[in-house]
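What follows is a single structure, written as structure tokens, with notes after it.
The values are calculated or read from the model by the stated rules, or taken from the named source; none is laboratory data. For clarity, every value in this text was computed on a predicted model and none was experimentally measured. Neighbour counts are summed over all protein chains in view; Cβ atoms, including those assigned to glycine, are modelled from backbone coordinates with ideal geometry.
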Amino acid sequence: MALGELAPWRWGGLRRMQRDDRPFESFRREIEALQREMDRLFERVWGEAESASLLPEYWSRRELIPQLDVVEDDKAFHVNIELPGMDEKDVDVTLSDRVLTIRGEKKEDKETKEKDFYRRERAYGSFRRSIEIPVAVDTSKIEASFSKGVLKITLPKTKEAQEKIKHIEVKAV
């Protein structure tokens, strides 16, 4: 028995391959049909995304998740979190068991609720971001400031945490 008779060259099981058949032609047609169907599916979903009628509810819902940066140096951790459109009174910052938690609420303007939106991308609502701080910080020296929509928090390390840092010299070989 020849190897060509054992290999399933066509969809639908084992068939004997005849010499004048093109074994990959049916496979190519099936793949092209699958690709056309996938293109149609994506066009239906993403082409009508503005109406969100085909998208699951959680895809069309806008959730407020502020972006943040955490930078560490020898003496402190510095946290910068973007909160555009908010004021310092809308934000609550707490530190408990080395977990820094930032909570807040971005409120929607009352006047804009009655308007018909052409496009809406801004998110409103409450948020909560928690960050674990890996070393002990001096809670009496923590500072927070809010300017131009950016909350800046400085968490100074304790003397013990600063002393645990050992710089190791790297030598070229």
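Applying the selection to the stretch 119-143, what residues are in contact (Cβ under 8 Å) with a residue 12 or more places away in the chain, loosely packed, with under 15 Cβ neighbours inside 10 Å and in a strand (DSSP E or B)? Residues satisfying the conditions are G125, S126, R128, S130, E132. Looking across the stretch 151-168, the residues that are surrounded by fewer than 15 Cβ atoms within 10 Å (Cβ to Cβ) and touching a strand residue (DSSP E or B) at 6+ places or on another chain (Cβ under 8 Å) come down to K152, T158.
Would you check if there is a residue in the stretch 111-131 being modelled with pLDDT of 85 or more and small (G, A, S)? Even if it seems obvious, please write down each step before you answer.
We begin by selecting, within the stretch 111-131, every residue modelled with pLDDT of 85 or more; these are 126-131.
Next, only the ones that are small (G, A, S) stay: 126, 130.
Checked against the condition, which is being modelled with pLDDT of 85 or more and small (G, A, S), the stretch 111-131 yields at least one hit.
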